[in-house]
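Asks: Below you will find the structure I want to go over with you.
The values are calculated or read from the model by the stated rules, or taken from the named source; none is laboratory data. Note that this is a predicted model, so its numbers are computed, not measured. Cβ atoms come from the backbone with ideal geometry, glycine included; neighbour counts cover every protein chain shown. Ligands, DNA and RNA are excluded from the accessible area calculation, which covers all protein heavy atoms including side chains. Shrake-Rupley method; radii C 1.70, N 1.55, O 1.52, S 1.80 Å.
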Amino acid sequence: MKPLWLRRKTPDAEALNKMRHLLQRFGLNTVCEGALCPNQGECFGQGTATFLILGRTCTRNCTFCAIPSEEHPPAPDPGEPERIAQAASELGLKHVVITSVTRDDLEDGGASQFAETVEALKEKNPQIIVEVLVPDFLGSLAALEIVVNSGPEIINHNLETVPRLYPEVRPQADYRRSIGLLKRVKEINSQKITKSGLMLGLGEEQEEVRQVMRDLREVSCDLLTLGQYLQPSGRHHPVIRYIHPEEFEELRKEGEKMGFKSVFSAPFVRSSFHAAEVFQKIDRPQRSQRTQS
Ligand code: SF4
């Protein structure tokens, strides 16, 4: 049974429906709905959402994820970048998060669709902050360069869990490849903000979490999110442990001591939850340097 701290008040149905109608009108997907995120009510209520590009089905099947798998999903939708820019403008978003399913079936892993979406958003609103939550592009440096050079401020890539659990939690992923991706972002452009996230409660030990945090700091990762894993259905990876909020707070403090510019750590935290606030917490001079570059 879920502990008290994981009880949420019923979301505002009107706000939910308003956002859903807008998404339907623009023919857009969100990871919020695809991944059955518990924060939908709050985020949709605040008029924010994380857009999911490159379709509703993924070429991988991580055991924690509610998004359905398909070996050959439909081709990318060429009109999607422009429609996301229009929706973001209509929502008045100042900070937008773009994520995707993993498309190992595509030559560039979907990198060009990310780039076109970032460019369409920036063309519509040059002031908008764009955060991209990317897959690992099977380690392709060329694909990563396409995305980084398209101009997002934040490049987020989740490690999701500790390396020991990869075979059972994200069998098609590779821990070192993911760490390498975050390292290469800074090599491509040191001004870029990097971010990563873990879900806890999948069977990891606290010391394993600390080691992942150290690995992230070794590649100069700036932002970190830590949240409680919640099982989307009985077919998905079981919850091994519910982490107490005090433990999340302890890890937050340790993370900030390790040098992360911001650590967002609590049961309901997800990688793009309150993304704008997490970003605003970081060092101002870095932002002013970035606008000069
Ligand atoms: S790669 Fe991402 S979208 Fe695909 S199954 Fe894994 S977590 Fe879900």
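Asks: Out of everything in segment 103-123 that is of a type outside the set (A, V, I, L, M) and open to solvent by less than 20 Å² (accessible area, probe 1.4 Å), what residue ends up being nearest to the chain's Cα centre (by Cα)?
Replies: Once the filter is applied, the top-ranked residue is Phe114.
Asks: Let me ask something else. What are the residues in segment 206-235 that are open to solvent by 30 Å² or more (accessible area, probe 1.4 Å), under 19 Å from Val278 (Cβ atoms) and of a type outside the set (Lys, Arg), if any?
Replies: The one that is open to solvent by 30 Å² or more (accessible area, probe 1.4 Å), under 19 Å from Val278 (Cβ atoms) and of a type outside the set (Lys, Arg): Ser220.
Asks: Which one of these does Trp5 not meet: (1) open to solvent by less than 60 Å² (accessible area, probe 1.4 Å); (2) hydrophobic (A, V, I, L, M, F, W, C); (3) in contact (Cβ under 8 Å) with a residue 40 or more places away in the chain?
Replies: Exception for Trp5: condition (1).
Asks: Still on this structure, please answer the following. Any chance you could count how many residues in segment 133-171 are more than 14 Å from the ligand (Cβ to nearest atom), in contact with a Gly (Cβ under 8 Å, 6 or more places away or on another chain) and open to solvent by less than 10 Å² (accessible area, probe 1.4 Å)?
Replies: Count: 1.
Asks: Which residue out of Pro126, Pro81, Pro74 is modelled with pLDDT under 95, more than 17 Å from Asn156 (Cβ to Cβ) and more than 17 Å from the chain's Cα centre (by Cα)?
Replies: Pro126
Asks: Can you name the residue in segment 67-94 that is crowded, with 16+ Cβ neighbours inside 10 Å and within 16 Å of the ligand (Cβ to nearest atom) and is also farthest from Val169 (Cα to Cα) among such residues?
Replies: Pro76
Asks: Further question: Of (1) open to solvent by 10 Å² or more (accessible area, probe 1.4 Å); (2) more than 12 Å from the ligand (Cβ to nearest atom); (3) under 17 Å from the mean Cα position of the chain (by Cα), Ser100 satisfies all except one. Which?
Replies: Of the numbered conditions (1) open to solvent by 10 Å² or more (accessible area, probe 1.4 Å); (2) more than 12 Å from the ligand (Cβ to nearest atom); (3) under 17 Å from the mean Cα position of the chain (by Cα), the odd one out for Ser100 is (2).
Asks: Additional query: Within segment 22-66, can you find the residues that are away from the ligand (no atom under 16 Å from the Cβ) and among the acidic types (Asp, Glu)?
Replies: Glu42
Asks: Go through segment 118-138 and count every residue that is under 23 Å from Glu160 (Cα atoms) and part of a helix (DSSP H, G or I).
Replies: 2
Asks: Looking at Ala85, Ala35 in this structure, which one is small (Gly, Ala, Ser) and farther than 30 Å from Gly234 by Cα?
Replies: Ala85
Asks: Suppose the filter is among the basic types (Lys, Arg) and not in a helix (DSSP H, G or I); does Arg20 pass it?
Replies: no
Asks: Also, I was wondering about something else. Confirm whether Pro11 is assigned to a loop (DSSP other than H, G, I, E, B), without any contact (Cβ under 8 Å) to a residue 40 or more places away in the chain and crowded, with 16+ Cβ neighbours inside 10 Å.
Replies: yes
Asks: Pick from Arg235, Arg176: which is away from the ligand (no atom under 16 Å from the Cβ) and either over 24 Å from Val97 (Cα atoms) or more than 18 Å from the chain's Cα centre (by Cα) (or both)?
Replies: Just one listed residue meets the conditions, Arg176.
Asks: Next up: Can you tell me how many residues within segment 18-44 are open to solvent by less than 20 Å² (accessible area, probe 1.4 Å) and acidic (Asp, Glu)?
Replies: 0
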